[in-house]
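To keep things clear, I will list the structure first and then write my remarks on it.
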Amino acid sequence: VKTQLQAQTVAAVAVGHQHNHQGVSSAFETIYRTQGLVGLWRGVSGAVPRVMVGSAAQLATFASAKEWVEELQWFKEGSWIVALAGGMISSVAVAVAMTPFDVVSTRLYNQPVDERGTGKHYRGLLDCFVQIFRKEGILALYKGIGPAYLRLGPHTILSLLFWDELRKLTYRHQQHGV
């Protein structure tokens with residue numbers, strides 16, 4: 001519903017399929033009436049891998065980035081700035097890993113469907129990836145990476161920074177009762 005409403009615009013500037021919902025409740029009603037409950041979950045095949053890939057990139061890169069920053073000795077050992085820098089590096093990896101899945105999910109969510117609720121453009125996640133790559137090239141999978149980073153970057157940086165600081169506090173408390 002969110003994606004279809006965000007993509008909706010006047011015909012003069014419209015890009016892609018337009019669903020023309022009157023609002024949130026109208027969109028829910030129309031999708032449910034025409035496609036059933038399954039229609040409300042269309043595109044989830046792109047959203048679930050998106051979160052999996054993003055979490056994996058976040059976890060895999062933060063520890064390595066933090067170690068790298070510590071080795072360079074840019075900041076005092078144990079400083080919160082080390083975790084901040086590690087989070088900043090990790091946030092770039094998260095945006096790079098997640099953006100192709102954002103593009104694919106958006107295409108799956110927003111495509112027109114036939115009377116059975118089957119997508120008219122893409123058969124699923126892999127088909128969507130392949131078609132985008134073949135017709136538009138690899139860079140098409142990174143459309144919107146700037147806005148994606150502006151959304152994902154601060155969340156990743158702050159989450160990792162707070163997690164690291166809370167982890168250090170917990171360790172100190174457990175070891176020293178401080």
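No value in this document is a laboratory result; all are computed from the given coordinates. Here the structure is a predicted model, which is why all the values come from computation and not from measurement. Backbone-built Cβ (ideal geometry, glycine too); neighbour counts: all protein chains shown.
Observations, loosely collected:
- In a DSSP loop and with at most 16 other Cβ atoms within 10 Å, the chymotrypsin sites (Phe, Trp or Tyr not before Pro) in the range 54-119 are TRP74, PHE75.
- A Cβ-based charge dipole, computed about the Cα centre of the chain with Lys and Arg at +1 and Asp and Glu at -1, lands at about 380 debye.
- Nearest 10 degrees, 0 to 90: helix 145-176 Cα axis against the chain principal axis: 40 degrees
- Ordering THR61, THR156, THR30, THR118 from the fewest to the most neighbouring beta carbons within 10 Å gives THR118, THR30, THR61, THR156.
- 3J(HN,Hα) couplings calculated from phi for the range 92-107 with the Karplus curve 6.51 cos²θ - 1.76 cosθ + 1.60 (θ = phi - 60°) are, in sequence order, 5, 4, 5, 5, 5, 6, 8, 4, x, 6, 4, 4, 5, 4, 4, 5 Hz; Gly and Pro show x.
- Candidate lysines - alpha carbon under 28 Å from LYS120, same-chain residues fewer than 8 apart omitted: LYS2, LYS135, LYS143
- Convex hull volume per residue for the range 42-176, taking Cα atoms only, in Å³: 119 Å³
- Within the range 40-79, the ratio Rg/Rh, alpha carbon atoms throughout and Rh by Kirkwood, equals 1.33.
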